[in-house]
Amino acid sequence: MRILVLNSGSSSLKYKLFDTKRGVALLSGHVDAIGLPRCNVTFTAGANKQTTTCAVKDHLAAVKLALQSLLDFTVIARLADIDAVGHRVVHGGEYYTGPTRVTKRVLATIKRLAEFAPLHNPPEIAGIKACMRALPSVPQVIVCDTAFHQTIPDHAFLYGIPYGLYKKYRIRKYGFHGTSHKYVAREAARMLGKEKSHEIITCHLGNGSSICAVKDGRSVDTSMGFSPLDGLIMGTRSGELDPEVVLYLIKKKHMDPDELSGYLNKQSGLKGISNLSSDVRDLKEAAAKGNAHARLALDMLAYRIAQYVGSYMTIMHGLDAIVFTAGIGENEPDIRRKVCGYLAFAGLTLDPAKNRRNERVITRPGSRIKALVIPTNEELEIAKETEGLLRERRQGRKKR
Ligand code: AMP
């Protein structure tokens, strides 16, 4: 099948056209600065890369540009060759546990959930509506970042606040990066030869980071919560925090909710601790030159990851493998070495040379717990899930 995958941001559109049979992207594109007079547009098809600058008024114009690029690069002969569009949606609340065909009702639900994800859901709706207009007879499917975590049990997803707040406002842990965790956990289970029964911890470590405990293919807990601010220390996000700190800051610095949100989401984390950068590469360089705050930020990151890993080993009653993915997870041997060092007591034996080379398996052959480096591919996962839904529906129709 030919599946177009869309990731719509407030002023950007990323897309890939997949040939799902071969599991490869035929073309990928990136439209930046939508709404501004000069947008950067990049298309990549194999070795062929083109970058242009033009004005792109809105998401509909961006989608039209994307579709035209598929024709111009002749990866499809006509728009009808696109079998479906899979849309990344960040927040699906408690409604969506898997890929879902877009209807008016689905659109209304995602719109309602924008209250929980004000930066993400609105541009995603704009992307879906643009595709519905540009490709009226092509099925549109959503795949939510929250969907994979809907298997987390209530004793893990509830907070210790009055139960009525959950019933009335749906305040609970939702978790994010679900598509990435699902993809790398399945890859890991395949590599281990333990597709059905396994205990795996996936560490998605990028600008935003989260950890997930995956037991037998299902998410049983994750570090992000009601919002993507919870859990690990991230590039600019604080992660887990005593709520009393927030109350204290409100009183002490007279901050309103928006200011405080900016402080915790954009001025905290590695950037806030180091007072230098949110990027691990910069921090490593500075730490090597003796910058103590850069060193501290990196130590805090590894420590917090190890804390979650330890807790998730306990709730799953064991651990087959820990998986590192995303920008930091795939490229930073020092962080992996530190995290794996914490797990030596439990039977993880790192192979330092393999770790330095970012190999797929970075533990020694006899290691009781394996450590794996698996590049994430959220877009391919969205394409596969979209295809799976279409096939199910087609088979269902045939049976009837
Ligand atoms: P992501 O959000 O997955 O794109 O990850 C971005 C983060 O990965 C950056 O902020 C860097 O801190 C980190 N990173 C470390 N090494 C690399 C690398 N070689 N390439 C890309 N990202 C890296």
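General observations
- Set Leu298, Leu319, Leu247: member being in a helix (DSSP H, G or I), crowded, with 21+ Cβ neighbours inside 10 Å and among the hydrophobic types (A, V, I, L, M, F, W, C): Leu298
The rows are residues; the columns are (1) under 25 Å from the mean Cα position of the chain (by Cα); (2) in the same structural domain as Tyr248 (by TED's automatic domain parsing); (3) more than 23 Å from Gly217 (Cα to Cα).
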| position | (1), (2), (3) |
| --- | --- |
| Asn275 | no, yes, yes |
| Leu301 | yes, yes, yes |
| Ala321 | yes, yes, no |
| Ala326 | yes, yes, no |
| Ala346 | no, yes, no |
| Leu350 | no, yes, yes |
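- Residue ranges of strands (runs of 3 or more DSSP E) in region 125-219 with at least 2 members more than 24 Å from Val102 (Cβ to Cβ) and among the aliphatic types (A, V, I, L, M): 199-205, 209-215
- Looking at region 14-117, the strands (runs of 3 or more DSSP E) lying wholly inside it that each contain 2 or more residues that are surrounded by 12 or more Cβ atoms within 10 Å (Cβ to Cβ) and more than 25 Å from the chain's Cα centre (by Cα) sit at 48-54.
- Flag if Ser227 is away from the ligand (no atom under 15 Å from the Cβ), of a type in the set (S, T, N, Q) and free of Cβ contacts under 8 Å to residues at least 40 places away in the same chain: no
- The one condition from (1) under 19 Å from Ile369 (Cα atoms); (2) within 16 Å of the ligand (Cβ to nearest atom); (3) not polar (S, T, N, Q) that Leu205 does not meet is (1).
- Wholly enclosed helices (runs of 4 or more DSSP H) of region 332-400 bearing at least 2 residues in contact (Cβ under 8 Å) with a residue 24 or more places away in the chain and surrounded by 21 or more Cβ atoms within 10 Å (Cβ to Cβ): 333-342, 378-399
- Qualifying position, being crowded, with 17+ Cβ neighbours inside 10 Å, of a type outside the set (A, V, I, L, M, F, W, C) and away from the ligand (no atom under 15 Å from the Cβ), among Asn291, Asn275: Asn291
- Apart from one condition, His204 fits all of (1) at pLDDT 95 or above; (2) surrounded by fewer than 21 Cβ atoms within 10 Å (Cβ to Cβ); (3) within 17 Å of the chain's Cα centre (by Cα); (4) in the same structural domain as Asp258 (by TED's automatic domain parsing); the exception is (2).
The values are calculated or read from the model by the stated rules, or taken from the named source; none is laboratory data. In this text, all values refer to a predicted model and were calculated from it rather than measured experimentally. Cβ: placed from backbone, ideal geometry, glycine included. Neighbour counts: every protein chain shown.
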